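J.: Before anything else, here's the structure in question.
Values in this text are rule-based calculations from the coordinates and carry no lab data. Only a predicted model underlies this, so the values are computations on that prediction, with no experimental measurement involved. Here the Cβ is made from the backbone with ideal geometry for all residues, glycine too, and neighbour counts use every protein chain on show.
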Amino acid sequence: MELSYQEKLTLIKLGELRKAKFEELVEKTGLDQVAVMRSILGLQAKGLAKLHERSERIVVLTETGEEYSKIGLPEWRALKVLREKGKVTLDDLSEVLSGDELKPIVGLLRSEGWANVRNEGGKLILEITEKGLNAGERPIDRALKLLAEKKTVPLSEIQKLVSVNELKRRKIAEEDTVTERTVEITPAGEELLKKGLELREQVSILTPELIKSGKWREVEFRRFDIKAPVRRLYPGKKQPYRAFLDKIRRRLIEMGFIEMTVESLVETQFWNFDALFQPQNHPARDWTDTYQLKYPTSGYLPGKELVERVKEAHERGLAGSRGWGYTWSPERAMLLMPRAHGTALSGRQLAKGVEIPGKYFTIQRVFRPDVLDRTHLIEFNQVDGFVVGENLNFRHLLGILKRFAVEIAGVEKVRFLPDYYPFTEPSVQMSAYHPELGWVEFGGAGVFREEMTRALGIDVPVIAWGIGIDRLAMFKLGIDDIRYLFSYDLKWLREARLVW
């Protein structure tokens, strides 16, 4: 049986003690903790030693608790003043309590029944009660005394006196876990020690000095065991979903798309709906389908010429259409709301001016009222984009969408279904097949209507899409619950597979 120098040393010292705490073995060998633990695990794998671990939840006194154990809890200090004066104001108590202690003191004294509280001349007056005069030691006081004596106390012992949540809420104590490790030599280990172990200096690198001096004949070269247990490391990395979005952005830029950016998450209804030829009486503009800002309620409209063209498109129509046939309200268009879709940025970009031919995209956070479940969030990311050019048609759009879903998101099956959107005609819904969830809708697309593009100053076809990138990320990251994209689960964050 081959043992490393450190394993031999650990076994020899363990043989002297037969059974020892891990910390005692570290001290006896003179090795660092990592080296001793690696040696113990190696000896255990060879049947020469056995490691026993026992974990226990404990309660630890905090600095605040330490201070309270010396000067008393705030309610006792306040009660002392009350017993001396009979009734006091909060200003009187500020002499014995800090600002942070003063805020909850009225509630504490009232909940204990130690004081009555009333308002006199705009000031709170606290008057001592009979119960306050005769107040004695409580469970929380006994718990604080026990912690002050021992510093750390088993959780089960504290729970016999008081709720640990109460101690944590008042920042008197915190929960922790301690693990006690003991190591025991096995009969096989004792048998090996009886046969004798030779401790020879062990090296892992053959250096020029060892060769020149001839010392290489005296030392033992360490064999490397690639199967030996080692500590698992979790190096720093980007949050998995953040990394996915960054790679989507890079891939689109590599494909020649120009990114549209905006700083604010808030839009006027003009850009979110009106500029997209969505009528002001459309049900999607109701509070059940979009959020509204409570304050401020309204923003500003863009230039007069653009507003007049959008108004004309809504009231009388453009490009041969009859419009929606109602009186367009600028006040309604100025209402503010959290952005409901990234298409609002497409409208802004078209009005600002674009290269023809040109390709544009944006990745934006959007907000919609919904019921949270495995496939729905109330705030999520969308990848919106459009391509503008002289000879574009619906077939070009379907080709781009399929390439995006298959090559970028890693989806195996894609299907398109007819759909309706106020600002595109024809329109299509995109779905992808998830092995756990079945067919999942992840976006809509279509050819922007001329009533919209003409009002924004564009005279050539524009094909556009809006994709729920969160749902596509589920496919790429191999998860079946969309909420996990924003999870605090360290295990998932550490072990989530890298994409691309």
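J.: So how strong a dipole does the chain carry about its Cα centre when Lys and Arg Cβ are +1 and Asp and Glu Cβ are -1, to the nearest 20 debye?
T.: That gives a dipole near 1100 debye.
J.: Something else: Compare the Cα positions of 284, 456, 243 along the charge dipole of the stretch 242-495 (+1 at Cβ of Lys, Arg; -1 at Cβ of Asp, Glu; about the Cα centre) and return the one farthest towards the positive end.
T.: 243
J.: Among the lysines, which have Cα under 30 Å from the Cα of residue 359 when same-chain residues fewer than 8 positions away are ignored?
T.: Counting by Cα, and skipping residues close in sequence, residue 359 has these lysines nearby: 238, 247, 304, 311, 402, 413, 476.
J.: Over 25 Å between C-alpha atoms is what I'm after, so list which of 13/150; 85/131; 28/145; 87/171 land there.
T.: Distance filter (> 25 Å) returns 13/150; 28/145; 87/171.
J.: In terms of modelled amide H atoms, which long-range or inter-chain residues lie less than 5 Å from the amide H of residue 434?
T.: The answer is 439, 440.
J.: Mind ranking 346-359, 172-185 by how tightly packed they are, going by the mean number of other C-beta atoms within 10 angstrom, highest first?
T.: 346-359, 172-185
J.: Enter the Cα centre distance for the pair the stretch 4-69 and the stretch 371-405, rounded to the nearest angstrom.
T.: Here the answer is 57 Å between Cα centres.
J.: Here is a follow-up. Projecting each Cα onto the charge dipole of the chain (Lys/Arg +1, Asp/Glu -1 at the beta carbon, about the Cα centre), which of 34, 132, 106 comes out farthest on the positive side?
T.: 34
J.: Going by a ≥ b ≥ c, the root eigenvalues of the Cα gyration tensor, does the stretch 41-92 fall in the rounded group (a/c under 1.5), the prolate group (a/b larger than b/c) or the oblate group?
T.: It comes out prolate by the Cα gyration axes.
J.: So who's got an amide H within less than 5 Å of the one on residue 427, skipping anything under 5 residues away but keeping other chains? H placed 1.01 Å off N, in plane.
T.: It is 419, by chain and number.
J.: Counting pairs of alpha carbon atoms under 8 Å apart in space and at least six apart in sequence, what relative contact order in percent does the chain give?
T.: This gives 13 percent for the chain.
J.: Next question, about the same structure. More than 21 angstrom separation, counting every C-alpha pair in the stretch 385-449; what % is that?
T.: It works out to 24 percent of all Cα pairs.
J.: While we're looking at this one, here's another question. What would the Debye equation give as log₁₀ I(q)/I(0) for the stretch 255-393 at q = 0.10, 0.11, 0.14, 0.18 Å⁻¹, counting only Cα atoms as equal point scatterers?
T.: -0.37, -0.44, -0.72, -1.13
J.: Another question about this same structure. Given Cβ point charges of +1 (Lys, Arg) and -1 (Asp, Glu) and nothing else, what value in debye, to the nearest 20, does the dipole of the stretch 244-290 about its Cα centre take?
T.: Dipole about the Cα centre, nearest 20: 260 debye.
J.: Normalised by the residues of the stretch 242-495, what does the relative contact order come to in percent, with Cα pairs under 8 Å and at least six apart?
T.: Over the stretch 242-495, the number comes to 20 percent.
J.: Can I ask one more? Over the stretch 63-169, calculate the relative contact order: mean separation of alpha carbon pairs under 8 Å at least 6 apart, over the residue count, as a percent.
T.: So the answer I get is 24 percent.
J.: Place +1 on the Cβ of every Lys and Arg and -1 on the Cβ of every Asp and Glu in the chain, take the dipole about the Cα centre, and give the residue among 377, 296, 226 whose Cα lies farthest towards its positive end.
T.: 226
J.: If you don't mind, another one. What whole number of Å gives the distance from the Cα centroid of the stretch 249-278 to the Cα centroid of the stretch 432-500?
T.: One Cα centre to the other: 15 Å.
J.: If you count the DSSP beta bridges with both ends in the chain, what percent of them are antiparallel, to the nearest 5?
T.: So the antiparallel bridges in the chain amount to around 95 percent.
J.: Give me the net charge for the shell around residue 406: Cβ to Cβ below 10 angstrom, other residues only, Lys and Arg +1, Asp and Glu -1.
T.: Value of the local net charge: +1.
J.: Ok, one more. Of all trypsin sites (Lys or Arg not before Pro) in the stretch 17-60, which ones are in loop regions per DSSP and have a Cβ with at most 12 other Cβ atoms within 10 Å?
T.: Those that pass, being in a loop and sparsely packed, are 18.
J.: Using the Cα centre as the reference, give the magnitude of the dipole from point charges on the C-beta atoms of the stretch 242-495 (Lys, Arg: +1; Asp, Glu: -1; all else neutral), rounded to the nearest 20 debye.
T.: Dipole size: approximately 300 debye.
J.: Could you list the GluC sites (Glu not before Pro) in the stretch 378-483 that lie in coil according to DSSP, counting only those with at most 10 other Cβ atoms within 10 Å of their Cβ?
T.: Filter output for the stretch 378-483: 390.
J.: I need the Debye-formula profile for the stretch 63-169: one equal scatterer per C-alpha, no solvent, reported as log10 I(q)/I(0) at q = 0.11 1/Å, two decimals.
T.: Log10 of I(q)/I(0), two decimals: -0.38.
J.: Run the helix sum for the chain: -39,500 (n - 2.57) per DSSP H stretch of 4+ residues, divided by residue count, reported at 222 nm to the nearest 500 deg cm²/dmol.
T.: -10500 deg cm²/dmol
J.: Over its Cα atoms, what ratio of radius of gyration to 2.2 N^0.38 Å does the chain give?
T.: Relative to the 2.2 N^0.38 Å estimate, the chain comes out at 1.53.
J.: Within the stretch 67-166, list the GluC sites (Glu not before Pro) lying in a DSSP loop whose Cβ has at most 16 other Cβ atoms in a 10 Å radius.
T.: Passing sites in the stretch 67-166 are 95, 137.
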